[in-house]
Amino acid sequence: MLLAAGLRSDASHKPPRGLIAFIGTGVATRDESFAKFEAALRQRHPELARSFDLGLFRASAGDDAGIRDAVGRALQAHARLLVTPTGRTSTVAARLAKGTPLVFATYSDPIASGVRDAMQTSSMATTGVALADQLHAKRLEILRDALPHLREVAVLADRDWVQEYDPDNRLGRMAAHIGLRTTVVLAENISELEALMTDPATRRFDAWYIPPTYIAYLAQRQLIAHLKRLGKPAMHATVGEVEAGAAMAYAQDSAFAYDALADLAARVCQGEFAGAIPVQTPQRFTLALRTDAGDRIAPAVVRRADRVY
């Protein structure tokens, strides 16, 4: 038994009390999202142990059929609340919930993905945390301010991000407004990145913008090494990349997400209509940079930085 004998992760049979069903996509022996949510709930709302159990219903990441099965099992177990920690689980669960409240976390646009119909007040019984990154224009602006001589900027992306965000249109307009030209370059895996970064044609770019995509996560070490070899400045999306040696990043703080999920779950379990609770979004942002990254960063931008390495 978990959470002072009230919350439990074994969801194999119908609980005798109210059930909070967490739709997890971790490996069978460990689901870090579930563990973080459980810890936040234990710390912030131990009173829920008196009336609710916590059940983990597993599905494979990206497996819609498996997610549908997990949500179906949770509903058959008479879950009072569904908690979905990814955009994919949230989208699938919202279609199947049939009135069961849903608390979600997603990096996708919750309105575009059908998880909610408005950010402030919704007719749908859903609420949650929206972590969609919308800082692209701000990052380009900071990059331009840091290195005013820049003109040509390469934008490294994978096809999923390009399909969702349409950077040639949206990012191109933003860049032109501040005097920059952007070119999207694609890489799906480390092999494609190696070919791209060793292509002599890439030397024409003055700088790079690395949005938060899967390829940026997958090939972080290789990408930073190539940018150093080329002597090109770059703007990244996470503080961790600067800690790993990247030149600069402007990052949104998503550390609040699990505490927020726990608080939202508690409010819904206490009787609030989920749709009446506004979706929460990041409110804190960090500018991190390295002063040894090669190009001289404008002193005014160094003074604005929250972290300087």
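Eigenvalues of the Cα gyration tensor times 5, then square-rooted: what semi-axes does that give for region 230-309, in whole angstrom, largest first? All intermediate terms of the calculation are to be shown ahead of the outcome.
Working: eigenvalues 288, 25, 16 Å².
With the √(5λ) rule applied to region 230-309, the semi-axes are 38, 11, 9 Å.
Applying 1/(1 + (r/R0)^6) with R0 = 25 Å to the Cβ-Cβ distance of ARG229 and ARG151 gives a FRET efficiency near 0.70. Net length available on complete extension from THR121 to ASP63 is 17.8 nm, with 0.36 nm assigned per residue and the Cα-Cα distance removed.
Leaving out ligands and nucleic acids, note down the accessible area per residue over region 156-243 with a 1.4 angstrom probe, in whole Å². Don't skip to the end; give the middle numbers.
Details: 4420 Å² over 88 residues.
That works out to 50 Å² for each residue.
The H on the amide N of VAL185, modeled in the peptide plane, is under 5 Å from the matching H of VAL155, LEU156, ALA157, each at least 5 residues off or on a different chain.
Surface exposure of region 19-138, expressed per residue as accessible area with a 1.4 Å probe, stands at 43 Å². Computed over the chain, the Cα gyration tensor eigenvalues convert (square root of 5λ each) into semi-axes of 41, 19, 18 Å, ordered from largest to smallest.
Quick check: residue separation of VAL308 and GLU194 times 0.36 nm, minus the Cα distance between them. What number comes out in nm? Kindly include the intermediate steps, with their values, before the conclusion.
On the way: separation 114, 0.36 × 114 = 41.04 nm, distance 2.92 nm.
Result for the pair: 38.1 nm of gain on full extension.
The accessible surface of the chain, taken with every protein chain in place and a 1.4 Å probe, is 50 percent carbon and sulfur.
Positive end of the dipole of region 91-155 (Cβ unit charges, origin at the Cα centre): among SER108, THR91, LEU147, the Cα lying farthest that way belongs to THR91.
Would you mind computing Rg(Cα) / (2.2 N^0.38 Å) for region 149-237, counting N as its residues?
Values: Rg = 12.2 Å, N = 89, 2.2 N^0.38 = 12.1 Å.
Output field value: 1.01.
Helix-only mean residue ellipticity at 222 nm, the chain, DSSP H runs n ≥ 4 weighted -39,500 (n - 2.57), per residue, nearest 500. What is it? Let's see the in-between values first.
Working: 12 runs with 113 residues, N = 309.
Calculated mean residue ellipticity at 222 nm is -10500 deg cm²/dmol.
The values are calculated or read from the model by the stated rules, or taken from the named source; none is laboratory data. Predicted, not measured: the structure shown is a model, and the values here were computed from it. Positions of Cβ are generated from backbone atoms using ideal geometry, with glycine treated the same way; all protein chains shown enter the neighbour counts. These area figures cover heavy atoms from the full protein model, side chains too; ligands, DNA and RNA do not enter into them. Shrake-Rupley method; radii C 1.70, N 1.55, O 1.52, S 1.80 Å.
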